[in-house]
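These notes are about the structure you will find just below.
The values are calculated or read from the model by the stated rules, or taken from the named source; none is laboratory data. Worth saying up front: this structure is predicted, and the values here are computed from it rather than measured. In this analysis, Cβ positions are derived from the backbone assuming ideal geometry, glycine residues included, and neighbour counts consider all displayed protein chains.
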Amino acid sequence: MSQTRAYAAFAEDKPLAPFSFERRQPRPDDVSIEILYCGVCHSDLHFAYNDWGMTRYPIVPGHEIVGRVTAVGDAVSHFKEGDLVGVGCMVDSCRDCQPCREGVEQYCENGFTMTYGSDDRHTTAA
Ligand SMILES: [Zn+2]
Ligand SMILES: [Zn+2]
């Protein structure tokens, strides 16, 4: 586990505030990054304000991430420590269903994992 610091929205009518949380231990197919920069687009604002009625607080908005790879698992082949990488609005999917095998994981039949606001399929906690 690693401690992560961020700014989070805790309610739709409150400003962002410092937030600290534990990340799970990286798995063999995970890439760990140090976030260097993050843009904030309008969908981040919609999530922070719960405009779409599906926000689970606290939430750390921002899904235009640029970071530097700090570690990769044994099963990772496309990235290495030191690489500059970008992260969008999705971070995981089953990678086994037909849409995933065709490279359109946004249609994952088992549900994709968003960068924020959705469950991590590899943990029991949200
Ligand atoms: Zn966006
Ligand atoms: Zn899938």
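Evaluate the stretch 48-58: report whether one residue or more is surrounded by 15 or more Cβ atoms within 10 Å (Cβ to Cβ), in contact (Cβ under 8 Å) with a residue 60 or more places away in the chain and part of a loop (DSSP other than H, G, I, E, B).
Looking for residues that are surrounded by 15 or more Cβ atoms within 10 Å (Cβ to Cβ), in contact (Cβ under 8 Å) with a residue 60 or more places away in the chain and part of a loop (DSSP other than H, G, I, E, B), one finds at least one in the stretch 48-58, hence yes.
Only one residue in Tyr57, Tyr116 is modelled with pLDDT of 95 or more and at negative phi. Which one?
Criteria check complete, one pass: Tyr57.
I'm checking my understanding of the structure. Among residues of the stretch 22-47 that are within 16 Å of ligand 1 (Cβ to nearest atom) and within 17 Å of Thr4 (Cβ to Cβ), which one is surrounded by the most Cβ atoms within 10 Å (Cβ to Cβ)?
Result: Cys38.
Pairs only if they're at least six apart or on different chains, beta carbon under 9 angstrom, first in the stretch 3-19 and assigned to a strand (DSSP E or B), second of a type in the set (D, E, K, R); list them, first residue then second.
The qualifying pairs are Gln3/Glu22; Gln3/Arg23; Thr4/Glu22; Thr4/Arg23; Pro18/Arg5; Phe19/Arg5.
Does Val85 satisfy being within 16 Å of ligand 1 (Cβ to nearest atom), within 26 Å of Glu22 (Cα to Cα) and under 16 Å from the mean Cα position of the chain (by Cα)?
It is false that Val85 is within 16 Å of ligand 1 (Cβ to nearest atom), within 26 Å of Glu22 (Cα to Cα) and under 16 Å from the mean Cα position of the chain (by Cα).
Does Asp96 count as surrounded by fewer than 15 Cβ atoms within 10 Å (Cβ to Cβ), under 15 Å from Arg27 (Cβ atoms) and away from ligand 1 (no atom under 16 Å from the Cβ)?
no
Restricting to the stretch 3-29, name every residue that is among the small types (Gly, Ala, Ser) and either modelled with pLDDT of 95 or more or outside the structural domain of Asp44 (by TED's automatic domain parsing) (or both).
The answer is Ala8, Ala9, Ala11, Ala17, Ser20.
On the basis of being at pLDDT 95 or above and surrounded by fewer than 17 Cβ atoms within 10 Å (Cβ to Cβ), does Ala75 make the cut?
Judged against the criteria, Ala75 is a match.
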